[in-house]
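All remarks here apply to the structure that follows.
The values are calculated or read from the model by the stated rules, or taken from the named source; none is laboratory data. A quick note: this is a predicted structure, and the numbers were derived from the prediction, not measured. Don't worry about glycine lacking a Cβ; one is built from the backbone with ideal geometry, like all the others, and counts go over all protein chains shown.
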Amino acid sequence: MKRRVSILGVTGSVGQSTIQVIEDLRSGGADIEVEAVTAGANIPALLDACLRLRPRLAAIADPKLYSAAKSALVGTGVELGAGAAALEGAAAANADWVMSAIVGAAGLAPTMAAVRRGAVVALANKECLVCAGPLFTEAAERHGAKLLPVDSEHNAIFQVLTHPERVEKVTLTASGGPFRTAAPEVMASATPEQACAHPRWNMGRKISVDSATMMNKGLEVIEAAYLFGLSRERIDVVVHPESVVHSFVHYVDGSVLAQLGAPDMRIPIAYALTWPDRAQVATQRLDLARLGALTFETPDAERFPALALCRDALSRGSAATTALSAANEVAVQAFLDGQLGFLDICRTVEASLGELDKGGRIAKSPTSFDEVALVDQAARVVARRIAGSLAAA
Ligand code: NDP
C-alpha cells in the first residue's frame, strides 16, 4: 500500500487516531508519506505529530502563534505556515488522501481546498456538509474528489451500500450520550465535564456536547441526507447504547445490512485510509458473547429536541442547515465557557432559527460559498445575542 496523505486537524481526537493508524500501517510495511498537517493552536501536539509523522509542511491556524510554533519546530526540518491561507495551502498540497478533521465550520475552507484538487477526502468534519450541503457535494463531483465518510455511522452506511439505487431507508444508531436516562432537572444543571463524559466514545469537546444534546445525531441526519441523497423521511434514528452497530441500510427487498465494530474511531479511519482495500490494523475487536445483547430504543423527543430541530432545518433547505450549525457552534462554546445552561443550547438554536426565519434570512438556499459564509455570520450574530440574553435571565 502506498499513500501520500495530509491531516487537517492533526492535534484533535480524530487527528490523533489517524496518526496511530498511520503508524500501525507503516509498521506493517505500508508506504505512507505525510505531506502536510494542520493544527488550531496546540503547539506541543503539533510538534509531537511532526516528530512522529515527518510531514513536509505544517500549518497553524492562529497567526499569532507563528513564532512560538516556529521555535518549537526548530530542527524538525518541517516547513511552517500560519493563518487561514497557510491552512488552505496545506490542504491543497500534493497529497492524494486528505483527512478532514478540523472541528466546525472552520474546516470548510481547508476541506474545499482539498476537494478542488480532486483528492480523496476522508471526511470526519460533518459541519462541512451541514453548512454547505449541496454546494459541497456538487463541488466534489465537479472536481473529481472522492468523499469517504469517516463519521462512524456514515462510514458504516458506505461500507454496506452495495445497491444505492435499491435503498428504502437508512437507520442511524445513536449511543444516547451521557444523559440518555437522565431526568430533565439533572440535564438542566449539567456541567461541561458531565456533558463531555461520553459513555462510549472519547472525542473532542464540541462533538461530545453535541452527543449529549443529541444535536450530533441531528447533524448526522443532515449529513446523511446530503451525502447519500436521501430525503429526511428515509433517515431514521434509533438509540443503541452499546454503540456496536454503527448504522443500518434497509433495502427494498426487506434485507437490512449493518456494519458492526467496537466503538473505536481507528476502524472507520483505517477503512478510509486503506479503501478500496482493507488492511490489518490493531483496533479494538468485538467480543460478541461477552456483549451478550444489543439493545435499541426510540429517542426521547421531549428531552432531546435537537433531533426535531435538525429535521425541520433539513426540510427548510440548506440556508437553514447552515444557520443551525453556526448557531449550535456558538451555543456549545458558550456552554463550554460556563456562560450558558445545558438546556439553553437547544433553546438558543431554536430561537436563532426562528428569528432568522422571520427576517427572511434562511428562505433561499445559498448558491455560492460566499453566501454560505454570510448566512453563517448572520446566524452567529443572532445566536450570540440570544445566548447572551438566556445567560442573563
Ligand atoms: P477536536 O476538538 O478533538 O479537534 C479539533 C481539531 O480542529 C484540532 O486539531 C484543533 O486544533 C483544530 N481546530 C480547532 N479550531 C480550529 C480553527 N479555527 N482552525 C483550524 N483548526 C482548528 O475534535 P474531534 O477530533 O473530536 O472532531 C473533529 C471533527 O470530526 C468534528 O467535525 C467532529 O464532528 C468530527 N467527528 C469526530 C469524531 C470523534 O470521535 N472525535 C467522530 C466523528 C466525527 P488545536 O487542538 O490545535 O487547537
**Complete:** All-but-one check, Leu353 against (1) over 28 Å from Thr137 (Cβ atoms); (2) part of a helix (DSSP H, G or I), failing number (1)
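Do the conditions hold for Leu273, that is, is it closer than 24 Å to Gly204 by Cβ and not in a loop (DSSP other than H, G, I, E, B)? Write out each step before concluding.
Working: closer than 24 Å to Gly204 by Cβ: yes; not in a loop (DSSP other than H, G, I, E, B): yes.
The answer is yes for Leu273.
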**Asked** Can you pull out the residues in segment 352-374 that are crowded, with 22+ Cβ neighbours inside 10 Å and either free of Cβ contacts under 8 Å to residues at least 40 places away in the same chain or closer than 26 Å to Phe342 by Cβ (or both)?
**Response** Ser352, Leu353, Leu356, Ile362
**Prompt:** Looking at Glu153, Glu138, which is the one that is of a type in the set (Asp, Glu), assigned to a helix (DSSP H, G or I) and surrounded by fewer than 19 Cβ atoms within 10 Å (Cβ to Cβ)?
**Reply:** Glu138
**segment 40-88: number of residues that are free of Cβ contacts under 8 Å to residues at least 24 places away in the same chain and under 24 Å from Ser27 (Cα atoms)** = 2
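Residue by residue, here is whether (1) in contact (Cβ under 8 Å) with a residue 60 or more places away in the chain; (2) under 25 Å from Phe179 (Cβ atoms) holds:
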{"residue": "Ala195", "(1), (2)": "yes, yes"}
{"residue": "Lys217", "(1), (2)": "yes, yes"}
{"residue": "Tyr226", "(1), (2)": "yes, no"}
{"residue": "Phe248", "(1), (2)": "yes, yes"}
{"residue": "Ala258", "(1), (2)": "yes, no"}
{"residue": "Arg278", "(1), (2)": "no, no"}
{"residue": "Leu291", "(1), (2)": "no, yes"}
**Asked** Leu108: farther than 24 Å from Gly317 by Cβ, touching a residue at least 24 places away in the same chain (Cβ under 8 Å) and in a helix (DSSP H, G or I), yes or no?
**Response** no
**Message:** Given the criteria within 12 Å of the ligand (Cβ to nearest atom) and among the hydrophobic types (A, V, I, L, M, F, W, C), does Ile22 qualify?
**Reply:** no
**Item:** Candidate set: segment 91-108, residues that are more than 10 Å from the ligand (Cβ to nearest atom) and of a type in the set (A, V, I, L, M, F, W, C); chosen: the one surrounded by the fewest Cβ atoms within 10 Å (Cβ to Cβ)
**Value:** Ala92
**Prompt:** So is Val121 buried (at least 24 other Cβ atoms within 10 Å of the Cβ) and either on the phi < 0 side of the Ramachandran plot or within 16 Å of the ligand (Cβ to nearest atom) (or both) or not?
**Reply:** yes
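Please verify whether segment 249-267 includes one or more residues that are of a type in the set (A, V, I, L, M, F, W, C), closer than 23 Å to Cys128 by Cβ, assigned to a helix (DSSP H, G or I) and not assigned by TED's automatic domain parsing to the domain that holds Val332.
Taking segment 249-267 and keeping what is of a type in the set (A, V, I, L, M, F, W, C), we get 249, 252, 256-258, 260, 262, 265, 267.
Then drop every residue that is not closer than 23 Å to Cys128 by Cβ, which leaves 249, 265, 267.
In the following step, the residues that additionally are assigned to a helix (DSSP H, G or I) were identified as 267.
From what's left, not assigned by TED's automatic domain parsing to the domain that holds Val332: 267.
Checked against the condition, which is being of a type in the set (A, V, I, L, M, F, W, C), closer than 23 Å to Cys128 by Cβ, assigned to a helix (DSSP H, G or I) and not assigned by TED's automatic domain parsing to the domain that holds Val332, segment 249-267 yields at least one hit.
Could you look through segment 8-19, keep only residues that are more than 7 Å from the ligand (Cβ to nearest atom) and not hydrophobic (A, V, I, L, M, F, W, C), and pick out the one that is surrounded by the most Cβ atoms within 10 Å (Cβ to Cβ)? Reasoning before the result, please.
Start the filter on segment 8-19 by keeping residues that are more than 7 Å from the ligand (Cβ to nearest atom), which leaves 8, 16-19.
Filter again for not hydrophobic (A, V, I, L, M, F, W, C), leaving 16-18.
Working: Gln16: 20, Ser17: 24, Thr18: 31.
Ranking the candidates gives Thr18 first.
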**Item:** Among residues of segment 278-315, those that are over 26 Å from Ile362 (Cβ atoms) and aromatic (Phe, Trp, Tyr), counted
**Value:** 1
**Asked** In segment 192-234, what residues are within 26 Å of Asn42 (Cα to Cα), more than 9 Å from the ligand (Cβ to nearest atom) and basic (Lys, Arg)?
**Response** Arg200
**Item:** Meets criteria (surrounded by fewer than 16 Cβ atoms within 10 Å (Cβ to Cβ), of a type outside the set (A, V, I, L, M, F, W, C), under 19 Å from Ile207 (Cα atoms) and at pLDDT 95 or above) for Asp337
**Value:** yes
